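K.L.:
Just passing along the structure, written as structure tokens.
The values are calculated or read from the model by the stated rules, or taken from the named source; none is laboratory data. Keep in mind that what you see is a predicted model, and the values were worked out from it rather than measured. Every residue, glycine among them, receives a Cβ derived from its backbone with ideal geometry; neighbour counts consider all protein chains shown.
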Amino acid sequence: MTVVSSREFASNQSKYYNLAVNNDAVFIKRGKNTFRLMCTSEQNTSVRKRVYYEPDEDFYRSVSIDELKEKSREFIHKLFANNESNSVTGSR
């Protein structure tokens, strides 16, 4: 790992570029900021093929947030209704 000032980097750019090409970590410090010099080869910068997946059965079972809220509200009301009916009949 090499840390250099921006002035040092400017005066010896080829040296630090060669270090980056050889996978040595080169950091350039300028004020409070630090920048990393990275090298990417032509192989790494090629356009990546995008992959699209078809929806599965979980996707088709999904619900919207509004449906989830409504179903949750209904479920909670049923729980309270059952609790009240049990307390009225005296079973605990």
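K.L.:
For GLU67, indicate whether it is modelled with pLDDT under 85 and of a type in the set (Asp, Glu). Before the answer, list the steps.
P.N.:
Details: modelled with pLDDT under 85: no; of a type in the set (Asp, Glu): yes.
The answer is no for GLU67.
K.L.:
Follow-up. Within the stretch 46-64, work out how many residues are part of a loop (DSSP other than H, G, I, E, B) and modelled with pLDDT of 75 or more.
P.N.:
Selection size over the stretch 46-64: 6.
K.L.:
Still on this structure, I have one more. So how many residues does the stretch 70-92 have that are at positive phi and modelled with pLDDT of 90 or more?
P.N.:
The total comes to 0.
K.L.:
Any residue in the stretch 34-45 that's modelled with pLDDT under 75: show its pairings with residues that are surrounded by fewer than 10 Cβ atoms within 10 Å (Cβ to Cβ) and not small (Gly, Ala, Ser) at Cβ separation under 7 Å, as long as the two are six or more apart or on different chains.
P.N.:
As it stands, the answer is none, since no pair meets every condition given.
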